[in-house]
Each structure stands twice: as C-alpha cells, then as structure tokens.
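In what follows, a structure is listed as structure tokens, so that the remarks can point back to it.
Rule-based calculations on the coordinates, nothing more; no lab input. Note that the structure is a prediction, hence the values are computed from the model and not measured. Ideal geometry is used to build each Cβ from the backbone, glycine not excepted, and the neighbour counts take in all protein chains shown.
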Amino acid sequence: MSPSVRLQKFLADAGVASRRAGEKLILDGLVRVNDRIIRALGTKIDPDRDEVMVDGKIVRAKNKVYIALNKPTGCVCSHKDEHDRPTIYDLLPREWQIANSVGRLDYNSEGLIFLTNDGQFALHLTHPRYGVRKKYLATVEGEVTRPMLSQFVAGVWHAGEKLKAEKAVIVSGGRSRSVVELELSEGKNREVRRLFESQALTVKRLQRIQIGKIKLGELKPGKWRALTAAEIKTLLALL
C-alpha cells in the first residue's frame, strides 16, 4: 500500500495544478474522490486505491523518475538554450524528458548531476537548509597552498558573498598545476570556481564526483542510469 498524501499534493505531483491552484479546485467543488466531492483541504488519499477526478476527468499519478547523469563539458542544464547550445536533455531518451535537473553544473563543468520529476526530492537536495554535501575535483592552473585551503574552510568573501568549503584537500600539486578535492554543502552559483578566483587562481577542469553518498563511479561522460531504490532511500535519509 502506498502512503497517504494530501489531495492538493497529489494534484500537484500529477501535473494538474500547483498546490495553491489545486486548493482552489478543491474549494470550488471540482475534485471528486471515489465519486464524492471533496471540499476539505486536509483530505488525504491513497494514490493506489482511490480514484481522483477533476472536472469529470480521472487523474493518474505520474511515475516518478530519478536519474544519475555524468554531464560532459560543452552542454547546459536547461531544457532549451537561447544560444542553441547542446543540453543534457539531448543525452536522454524521449520518455525521460519529464525530468528536471537537480541543481546545475555550468557549461564548462562536468560530472554527477541528478534529474527527477519529484519536486520535493529536488528541493530537499538543493535547499541550503538541508546541507547535502557534494564533492568536486578541481584542476587548477598554478600552485594551491594549504593556507589557501584553510581560508576556504574558514570562508572567503567574493563579489559581496561569503563562500565556504566544508573540506578541502590537495590531491596533487606543483607550481604550475594543482588538483584539489573540495566538499561543499550550499552549492552557490559557480562557488568552486569563485573560491579559487578569490586567490587569483583559475580552474581549468571541474568535475563533481559525489552527491551525498552517491559517487560518480564508472559512469562515462554523457551516460546516465536510474538511481536504485536503495540510493534514493540513502539520499532521503540525509534529510
């Protein structure tokens, strides 16, 4: 048996209307459950057992999808791009086009990104309140020192905004090139690149290698896979 959900949430998840618009449909007497008009906003239903109709039409719950994709460089995370650049959706079969990216990676960045049509799941993974950690591997032009990394962990100011890494470790280094692993919990716009920009350093390659406990692993650039039930449960457990 599936867990019960509020009627307005079911309508939103099914793509009928936003929660607020769904509430109006209910109050206007346009929603029936098992052929009975429902006007109480707190009503809960079982999507597997109850028949829901809106304005005389049966509403079906959408199948929820959870995808892990290894985003390559040279594509954007939008459904459409004003400059007609390739998008991550070009890499997916047509039936997966209902999913939206959970957060973003910029055009020149690569690595692990999730896509889903579960709005609550996406919100919990991206909202700073929940602090889901993400790991990145940055290849940097120039020498990165340990004092720089200490500043990253303490927090630095860049363009009027405080940026902060939870962890930062030098994987390999030299005067001309360094590789650094960073762990972040907020994911502000271009945060990893801006951390290094604050030290007058340029990131030449940026790869996200982990979200929560889910690792990029052997997934090849441009390839995708469905998250397993155990992986979804692990991600939700972080919340």
Read through the labelled values [x] 133; [y] 157; [z] 200 and report the label of the one computed as volume of the Cα convex hull per residue in Å³ from the structure.
[y]
Where does the chain land at 222 nm, in deg cm²/dmol rounded to the nearest 500, when only DSSP H runs of n ≥ 4 count, each adding -39500 (n - 2.57), divided by all residues?
-5500 deg cm²/dmol
Rounded Å value of the spacing that divides the Cα centres of segment 186-239 and segment 43-60:
37 Å
For the chain the mean separation of alpha carbon contacts under 8 Å (6+ apart) over residue count, i.e. relative contact order in percent, is 18 percent
GluC sites (Glu not before Pro), loop per DSSP, at most 10 other Cβ atoms within 10 Å - longest free stretch of the chain:
83-217
In Å, what Kirkwood hydrodynamic radius results for segment 72-203 from the alpha-carbon pair distances?
16.1 Å
The Kirkwood hydrodynamic radius of segment 134-211, taken as the inverse of the mean 1/r over all distinct Cα pairs, in Å, comes to 12.1 Å
Rg followed by Dmax, in Å, when segment 79-124 is reduced to its Cα trace:
11.2, 31
Only Lys, Arg (+1) and Asp, Glu (-1) charged, at Cβ; the chain dipole about Cα centre in debye
380 debye
Determine the shape class of segment 1-125: with a ≥ b ≥ c the square roots of the Cα gyration tensor eigenvalues, call it rounded for a/c under 1.5, and otherwise prolate if a/b is greater than b/c, oblate otherwise.
prolate
Using 1/(1 + (r/R0)^6) with R0 = 30 angstrom and r between the beta carbons of Arg194 and Asp90, what's the FRET efficiency to the nearest 0.05?
0.60
Nothing charged except the Cβ atoms of Lys and Arg (+1) and of Asp and Glu (-1): what's the magnitude of the dipole of segment 134-211 about its Cα centre? Round to the nearest 20 debye.
160 debye
